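Single-structure report; data block below.
The values are calculated or read from the model by the stated rules, or taken from the named source; none is laboratory data. Because the structure is a prediction, the values reported are computed rather than measured. Reconstructed Cβ throughout: ideal geometry from the backbone, glycine too, with neighbour counts over all protein chains shown. Protein only, heavy atoms only, side chains kept; ligands, DNA and RNA dropped before computing areas. Shrake-Rupley method; radii C 1.70, N 1.55, O 1.52, S 1.80 Å.
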Amino acid sequence: MTVSLARAHGTPCPTAVMDARTLPDSEPELLARLSELRSALADQGAADVLKNALVQPSRHPLFDLDYRFVQSMPDSFDSFDLRGSCGHSILAAVEAAARTGMIQPLVAGCRVRVNVLNNGDNVVCEAEETDDGGTRFTAHFLCSPPRPVNDLLITGEPVTGIPFEGRTVPVSLVSMGNPYLFVHAAELGVHTVEGLFADDLVLFDRMTRLRLAVCRTLGWDTTGAFPKVAALLPDGPGALAVRAISVPSWHPTVALTGATCLAAGAAVEGTIPYLLSGVSEQPDSDLLSLRTPGATVRASARIAGGPGDRRLAWISVAEKQVDYAGLFLPAPTSEELSWLPLTA
């Protein structure tokens, strides 16, 4: 099994990228192989690698790569979550696929079309600039056909009350790439951006417990990675301050799917991202600025249709740098490298 390691800037850990054609089809055998990989990584001091991307040349004529994401859970080497996706790992997978010859080398302006098997997402990864060490991308998450914005709401309503420690906490539950819950940080006792970005174990614990309360309310598995959780504060017109939790700690910035969910949620009137971002004050702008402890991320949502029939066409997130770390446990092969044509 050939494994490449690549890491997007602002992510909590690298992604282990594998050729899916070399892995078993059955889930028990696949997870057994991934458990072996985790043990091998840990032996080499890389136990922090908790993201796995399984890629192969796409069987679909409209895509370049088929991609499957597997989240390693921190509690044991044989614990995984196969639901959802990871936008940063998609970019890492494209980088590794190009470096190992699965697709053509990346050049500025080329686009790699990724079919996300976990959830049916269509993602186009556009290379902005590339060099020996990595690539800077713009990621485009496409909805084809455009999706009614209200369909992005997990409960069908902009705000849902969640029973939490003797009171009801309003949250917005949005799914675009991954399911997310968004909460006003003031509901958890934090009122300033400085407080939101502090290494506050009390806030971390409250956000974790609120996520579990949402899981229980929705009947979801409390041991899995989803929904993700992020606390928000207003940060000016068209802008939010965001603090998110990854697995198993604070996210240094915000997940790419978190950025897309926030951009999608801000497009739906009445949601917490909509109310806190002040997007209603900028009706002609589709750009949402997300300030995080590690960086500011900008997401652009394209909404089609008019009042009463607003539909999400795509969301783009630019300036995402991915560094390629090379091969881990390289496996020899006698097969010649074959390249797939890329969309220029």
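Every condition in (1) closer than 18 Å to ILE272 by Cβ; (2) touching a Ser or Thr at 6+ places or on another chain (Cβ under 8 Å); (3) of a type outside the set (Val, Ile, Thr) holds for GLU157 except the one numbered (2).
For segment 164-190, how many residues are small (Gly, Ala, Ser), in a strand (DSSP E or B) and either surrounded by fewer than 19 Cβ atoms within 10 Å (Cβ to Cβ) or free of Cβ contacts under 8 Å to residues at least 40 places away in the same chain (or both)?
0
Residues in segment 89-101 that are out of contact with any Ser or Thr (no Cβ under 6 Å at 6 or more places or on another chain) and open to solvent by less than 20 Å² (accessible area, probe 1.4 Å): ILE90, LEU91, ALA93, VAL94, ALA97, ALA98, GLY101. Every test in (1) in contact (Cβ under 8 Å) with a residue 40 or more places away in the chain; (2) crowded, with 21+ Cβ neighbours inside 10 Å is passed by ALA266 save one, and that test is (1). Based on this model, can you work out whether GLY236 counts as open to solvent by 20 Å² or more (accessible area, probe 1.4 Å) and without any contact (Cβ under 8 Å) to a residue 24 or more places away in the chain? Against the criterion (open to solvent by 20 Å² or more (accessible area, probe 1.4 Å) and without any contact (Cβ under 8 Å) to a residue 24 or more places away in the chain), GLY236 does not qualify. State yes or no: is ALA8 touching a residue at least 12 places away in the same chain (Cβ under 8 Å), closer than 28 Å to GLU319 by Cβ, surrounded by 15 or more Cβ atoms within 10 Å (Cβ to Cβ) and under 16 Å from the mean Cα position of the chain (by Cα)? So ALA8 fits the description; yes. Applying the condition of being in contact with a Lys or Arg (Cβ under 8 Å, 6 or more places away or on another chain) and crowded, with 23+ Cβ neighbours inside 10 Å to segment 270-291 and asking which residue is farthest from ARG243 (Cα to Cα) yields LEU288.
Residue check: GLU128 meets all listed conditions (1) open to solvent by less than 40 Å² (accessible area, probe 1.4 Å); (2) modelled with pLDDT of 95 or more but one, namely (1). Across segment 247-263, the qualifying residues are those that are out of contact with any Gly (no Cβ under 9 Å at 6 or more places or on another chain) and farther than 23 Å from ASP309 by Cα, and the one among them that is least open to solvent (accessible area, probe 1.4 Å) is VAL247. Quick one: in segment 67-88, of everything that is over 14 Å from THR15 (Cβ atoms) and of a type in the set (S, T, N, Q), which residue is most open to solvent (accessible area, probe 1.4 Å)? Residue satisfying both the conditions and the ranking: SER76.
Contact annotation: residue pairs with Cβ atoms under 9 Å, 6 or more positions apart or on different chains, pairing a residue in segment 119-148 that is over 30 Å from GLY306 (Cβ atoms) with a partner that is hydroxyl-bearing (Ser, Thr, Tyr) and open to solvent by 40 Å² or more (accessible area, probe 1.4 Å), are ASP132/TYR324; GLY133/TYR324; GLY134/TYR324; THR135/TYR324; ARG136/THR130.
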